[in-house]
1. Given the alpha-carbon gyration tensor of region 1-61, what are the semi-axes of its equivalent ellipsoid in whole angstrom, ordered largest first, with each equal to the square root of 5 times an eigenvalue?
2. Looking at the P(r) of region 90-243, how many percent of alpha-carbon pairs lie beyond 18 Å?
3. Please compute, for the alpha-carbon atoms of region 47-163, the extent along each of the three principal axes and give them in descending order in Å.
4. At a 10 angstrom cut-off on C-beta neighbours, averaged per residue, how do the peptides 17-23, 96-102 rank from highest to lowest?
5. Computed FRET efficiency, Cβ-Cβ of Arg93 and Leu137, R0 30 Å: what is it to the nearest 0.05?
6. In bins 5 Å wide, starting from 0, what share of all Cα pairs of region 100-175 does each bin hold, as a percent?
7. Wrap a convex hull around the Cα atoms of region 58-121, take a quarter of its surface area, and give that in square nanometres.
8. Quick one: if you stick a label point 7 Å off each Cα along the C-beta vector at Ser43 and Asp206, how many nm between them?
Amino acid sequence: APIALGTLACTISERAGVINIGIEGSMLFSGFLAAVGSYYTGSPWVGLLCGCAAGAFLALILGVLAIYCNGQQIVIGIGLNLFGPGFAYMLMRALWDTTGISPWVEGFQAVNIPLLSRVPIAGTMLSGYPACIYLGLLAVAVMQYLLHRTAWGLRIRAVGENPAAVATLGINVYRLRMRAVLLGGVFAGMGGAVMCLSSANVFVNDMSAGSGFMAFAANQFGQWSPVGGYLATLLFGVMQALRMRLQSFGIATQLTQMLPYLAAAIFYYVFNLLIAGIMSLVEKKLNYYKI
């Protein structure tokens, strides 16, 4: 779920023409503030809101520097990846006098869907997860509809592909891009909060373990689509499960950590070959009937 929400953040931002490579730093900083909000209020929902606000804050920095100041987006994203964990580390020492792990915080409880939980296989796969997991699934479905079936989604996609044409319609390109980046930051913050509050119920330094970079790769693999990115995230999830299983057999961690990225590269190459083959076949058929 954290990778899926991070992928959704990348999709919305890049559809609007802003590359957000700082997802890793946003998720870590958001996970920390989610832990802070849940710790001092005792409510994971407040922690979730704090995480979303933290993600929006870092997205605001990215938007101002990249959109209004015309900064280099990749460099700004790398800076956010350094700033987010560093700021969280400093605040952790100030609040809890610790540098490694936060105190235990209140997390989301598992939700059992009444009828579905009784089904033997589907109940195990789809029921018994924290509420924030289902909220992430709903966000993917809603954003898929908004991006491809509404006028707002058409404007977002147009401003990323041809901003000059959008400007001729009297639409403020800067404002539209900023709103998309902020919305992506909210989803990145939600991913960081889910990472902290869905299972571990603590915040640990570098607990994302590259999830932000996996989200960035899943967005490219999913062809900048919410549903496509989510399917790519499922591939990463399968590879992560395989990685943990292989580690139990004593295989070196350095080798198993490469599995998600290696699988993405292989599947992406095979996917491109398949698309190229289909297009070549269609072109041959069209040329044949044309003759």
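The values are calculated or read from the model by the stated rules, or taken from the named source; none is laboratory data. What you see is a predicted model; the values in this text were computed from it and never measured. Every residue, glycine among them, receives a Cβ derived from its backbone with ideal geometry; neighbour counts consider all protein chains shown. When the accessible area is computed, the model is the full protein with side chains, heavy atoms only, and any ligands, DNA or RNA have been set aside. Shrake-Rupley method; radii C 1.70, N 1.55, O 1.52, S 1.80 Å.
1. So the three semi-axes of region 1-61 are 23, 11, 9 Å.
2. Details: 8236 of 11781 pairs.
Of the Cα pairs, 70 percent sit more than 18 Å apart.
3. Principal extents (Cα only, largest first): 55, 49, 20 Å.
4. On the way: 17-23: 25.9, 96-102: 13.1.
Going by the mean number of other Cβ atoms within 10 Å, highest first, we get 17-23, 96-102.
5. E between Arg93 and Leu137, to the nearest 0.05, is 0.25.
6. In order of increasing distance, the bins hold 3, 13, 13, 12, 11, 10, 9, 10, 10, 7, 3, 0 percent.
7. 8.6
8. 3.6
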